[in-house]
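Beneath this line is the structure, given in structure tokens, with notes to follow.
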Amino acid sequence: MDKSERNSGTFRVLMFGDIIGKTGRQAVKEFLPEIKEEKKPDLIGANCENLAGGFGISEKTVKEMFSAGIDFFTSGNHIWDKREGYELIKRDPRILRPANYPKGVPGRGYTILTRGDVKIGIVNLQGRKFLSEVDSPFYIGDDVLKELEKEDVTIRIIDFHAETTSEKVALGWYFDGRVSLIVGTHTHVQTADSRILPGGTGYITDLGMCGARDSVIGMKKEIALERFLKLMPKRFEVAKGALMVNGILADIDINTGKTVKIERIWKERE
Ligand SMILES: [Fe+2]
Ligand SMILES: [Fe+2]
């Protein structure tokens, strides 16, 4: 069976991990056309927290990625790195920041997109281990799901931006059967545990990243190594070289909201 073959009545989502700086944007532009051609996704998302120079977002970089074919962005802790991004997340409902930040911070933590008759709820949450002390991603996630229920949104996607695998796996079990797809981001390293949980929730602990393959999570390896070896501060720089994109493709039943097929995406080129 052709890998891209699928049942009618399903909605295909493609989601990329964190796009790291210019190299990451180049990687998306390099690989997205062929992935679209081969897999024909109905909706394409990515995490944008490292989009502009590796730290935060800018108007130029967000526009560049929308023109390249990305439909929506989730983010995480680095969304606050550039002031320019604050206005963008305030005015553009396609760009999310984690929902469990304190009340009053700019932007929104979830959004509802429409494709034909299909409504898709996108939710962004952040973990609390080795990150800021945000509100509980579990309980805030519950609150957001209630809002999506009111709007009859059957297809629900969560990007859980978190450091530890245990917190991510736990959140997967907590929301199993109540959302269509849970993808982890933030570590920039793709995990091999993509699966459909018993309740029908597609799950992966981390999507990985889009950026320089021969790097330390997207940054120049020489600089990262020097920081580890000397324990002295040194500015990170986005790495260049061989391009890589990591992500996931999920087929979601439009009527039940359950994932029926999940496939990891990993492409690289010298
Ligand atoms: Fe990141
Ligand atoms: Fe992050």
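The values are calculated or read from the model by the stated rules, or taken from the named source; none is laboratory data. Because the structure is a prediction, the values reported are computed rather than measured. We place every Cβ from the backbone using ideal geometry, glycine too, and count neighbours over all the protein chains shown. Keep in mind that these areas ignore ligands, DNA and RNA; they rest on the heavy atoms of the full protein, side chains included. Shrake-Rupley method; radii C 1.70, N 1.55, O 1.52, S 1.80 Å.
Placing +1 at every Lys and Arg Cβ and -1 at every Asp and Glu Cβ, with all other atoms neutral, what dipole size does the chain have around its Cα centre, in debye to the nearest 20? Numbers along the way, then the final one.
Details: 42 positive and 40 negative charges, 115 e Å.
Value, rounded to 20: 560 debye.
How much mean residue ellipticity at 222 nm does the chain get from its helices, if each DSSP H run of length 4 or more adds -39500 (n - 2.57) and you divide by all residues, to the nearest 500 deg cm²/dmol?
On the way: 6 runs with 72 residues, N = 270.
Per the formula, -8500 deg cm²/dmol.
The range 10-269: Rg/Rh from Cα coordinates, Kirkwood Rh? Please list the in-between numbers first.
Working: Rg = 17.0 Å, Rh = 18.0 Å.
Here the Rg-to-Rh quotient is 0.95.
Setting aside same-chain residues fewer than 8 positions from Lys40, which lysines have a Cα under 23 Å from its Cα?
Filter leaves Lys3, Lys29, Lys63, Lys119, Lys258, Lys261, Lys267.
Quick one: with all protein chains in place, what share of the accessible area of the range 10-269 is carbon or sulfur, to the nearest percent (1.4 Å probe)?
Details: 5910 of 11170 Å².
Accessible surface attributable to carbon and sulfur in the range 10-269 totals 53 percent.
How far is helix 21-39 tilted, in degrees, relative to the longest principal axis of the Cα atoms in the chain, given as a value from 0 to 90 rounded to the nearest 10?
The angle comes out at about 30 degrees.
Once label points are set 7 Å from the Cα along Cα→Cβ at both Val189 and Asn7, what is their separation, rounded to one decimal in nm?
3.7
Step through the table entries Lys103/Lys220; Lys90/Lys146; Lys22/Lys90, compare each Cα-Cα distance with 26 Å, and write down the pairs that go over it. Kindly include the intermediate steps, with their values, before the conclusion.
Details: Lys103/Lys220 36 Å; Lys90/Lys146 23 Å; Lys22/Lys90 24 Å.
Pairs exceeding 26 Å: Lys103/Lys220.
Going by alpha carbons, how many degrees (0 to 90, nearest 10) lie between the helix axis of 137-150 and the longest principal axis of the chain?
So the helix axis and the longest Cα principal axis differ by about 40 degrees.
Report the FRET efficiency, 1/(1 + (r/R0)^6), for Lys39 and Asn255, where r is their Cβ-Cβ distance and R0 is 25 Å, rounded to 0.05. Mind showing how you got there, number by number?
Values: r = 22 Å, r/R0 = 0.87.
That gives a FRET efficiency of 0.70.
With axes computed from alpha carbons, what is the tilt in degrees of helix 59-68 against the longest principal axis of the chain, rounded to the nearest 10 within 0 to 90?
50
Suppose R0 equals 41 Å; then what is the FRET efficiency for Leu231 and Lys103 from their Cβ-Cβ distance, rounded to the nearest 0.05? Spell out each step's value before the answer.
On the way: r = 38 Å, r/R0 = 0.92.
With R0 = 41 Å, the Cβ-Cβ based efficiency is 0.65.
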